[in-house]
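The values are calculated or read from the model by the stated rules, or taken from the named source; none is laboratory data. It should be emphasised that the depicted structure is a prediction, and the values quoted were computed from it without experimental measurement. For neighbour counting, all protein chains shown are included, and Cβ atoms are generated from backbone atoms with ideal geometry for every residue, glycine included. Each accessible area value is taken on the protein alone, full model and side chains, heavy atoms only, with ligands, DNA and RNA left out. Shrake-Rupley method; radii C 1.70, N 1.55, O 1.52, S 1.80 Å.
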Amino acid sequence: MLDLARLRALHAVFVHGSVAGAATALGYTPSAISQQITELERETRTTLLERRGRGVALTEEALRLAETAQRLLAIMEQAETELEERRGLPTGRLTIAAFASAARGLLPGVLAELDRDHPALDVRLDEVDPHLSVDLAAKGVVDLAVAHDWDIAPLPAPEGLAQAVIGLDRCDLLAPEGHALAGRDGVRREELARERWICQPPGTVCHDWLVRTLRTAGYEPDIRHRAEENHTQLALVAAGLGIAMMPRLGRGPLPDGVVAVRLDPVPERRLYALWRREAARRPAITAAVDALRAHGAAAGLA
């Protein structure tokens, strides 16, 4: 009999692309993951990992075994769901992947409520970009993903995922105090052609949305500075180095020297929760989605 924990380790390497990524996802050390794979190679008498430069790659046999492991893990999840459903109470482990501003502005209250109201539920949070979190939910690496998209940059959900809208998060234009735009009641996108921009790095949802939005207004944005953290972007704006567009959720109070200006029309992003349809009956999913919606409304999501 193949060991399920070792198959889970192999599947995690398959999903995350590295031993280190698998270790982070499963909460182990890289050496522990490597040991699990080595034991699985002994069990199967098959080479599963090959050295490729500084990393490793799965062999053809490992890829086939990882696909089998994914089906087995799905069966295990279904069995756990049925047991939890029969008990009628949220129990077991629930892993949630959420993007940065939701992890900061929404999840703390949600996690505290679930911890207080459902002591038999073990909830774990991972901060993950929406591009990745949806895929992790589809592959069964996490139980629930909190993601977002924009009207001009929708984020398609893979087949097999159910979703629920949490709410709409509005976005403001942020300018340095004393900037020509700072005293305006509203600004149209067409008026921003000659501005210097501060935004997230390429490949993130917010960066892609900004570039697409300004291109539809007829110009290529002059992006001078890129930073992942909102606080870093705000510090750059306060220093007079450019303007930024930033959602309100998780932003916190604006620092001295930064002014929020309404952009016309007001940009909005949709927040939603996604989970595998096989787990839809699980009480833990229902409790988490209910808490997300309630705390979303309390945080001002429309």
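Counting only strands (runs of 3 or more DSSP E) that sit wholly inside the stretch 195-251, those with at least 3 residues that are over 20 Å from A98 (Cβ atoms) and open to solvent by less than 50 Å² (accessible area, probe 1.4 Å) are 196-199. Each residue in the stretch 177-194 was checked for being part of a strand (DSSP E or B) and either touching a Lys or Arg at 6+ places or on another chain (Cβ under 8 Å) or open to solvent by less than 60 Å² (accessible area, probe 1.4 Å) (or both), and 1 pass. Looking only at the stretch 130-159, filter to residues that are part of a helix (DSSP H, G or I) and more than 8 Å from the chain's Cα centre (by Cα); which one of those is surrounded by the most Cβ atoms within 10 Å (Cβ to Cβ)? Taking the candidates together, the pick is A137. Residues that are among the hydroxyl-bearing types (S, T, Y), crowded, with 16+ Cβ neighbours inside 10 Å and under 26 Å from L40 (Cα atoms) within the stretch 60-102 comprise just one, T95.
Of all the residues in the stretch 252-267, those that are in a strand (DSSP E or B) and open to solvent by 60 Å² or more (accessible area, probe 1.4 Å) number 1. Where residues in the stretch 11-21 are more than 17 Å from I75 (Cα to Cα) and of a type in the set (A, V, I, L, M), which of them is least open to solvent (accessible area, probe 1.4 Å)? Checked the stretch 11-21; the qualifying residue least open to solvent (accessible area, probe 1.4 Å) is V13. Filtered by the rule that a residue be open to solvent by less than 50 Å² (accessible area, probe 1.4 Å) and out of contact with any Asp or Glu (no Cβ under 9 Å at 6 or more places or on another chain), the stretch 119-128 gives a lone residue, V128.
Test A62 against the stated conditions and say whether it is out of contact with any His (no Cβ under 6 Å at 6 or more places or on another chain) and without any contact (Cβ under 8 Å) to a residue 12 or more places away in the chain. Spelling it out, it is not the case that A62 is out of contact with any His (no Cβ under 6 Å at 6 or more places or on another chain) and without any contact (Cβ under 8 Å) to a residue 12 or more places away in the chain.
Taking the condition in a helix (DSSP H, G or I) and either within 28 Å of the chain's Cα centre (by Cα) or basic (K, R) (or both), does L174 pass? Against the criterion (in a helix (DSSP H, G or I) and either within 28 Å of the chain's Cα centre (by Cα) or basic (K, R) (or both)), L174 does not qualify. Here the condition is being of a type in the set (G, A, S) and farther than 28 Å from A284 by Cα; of G160, G140, G167, G186, it holds for G186 alone.
Looking across the stretch 268-288 at every residue that is outside any strand (DSSP E or B) and of a type outside the set (G, A, S), the one that is most open to solvent (accessible area, probe 1.4 Å) is identified as R277.
Every residue, every condition in (1) more than 25 Å from R189 (Cβ to Cβ); (2) at pLDDT below 95; (3) in contact with a helix residue (DSSP H, G or I) (Cβ under 9 Å, 6 or more places away or on another chain), yes or no:
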position: D222; (1), (2), (3): no, yes, no
position: M245; (1), (2), (3): no, yes, yes
position: A273; (1), (2), (3): yes, no, yes
position: T286; (1), (2), (3): yes, yes, no
position: D290; (1), (2), (3): yes, no, no
position: H295; (1), (2), (3): yes, no, yes
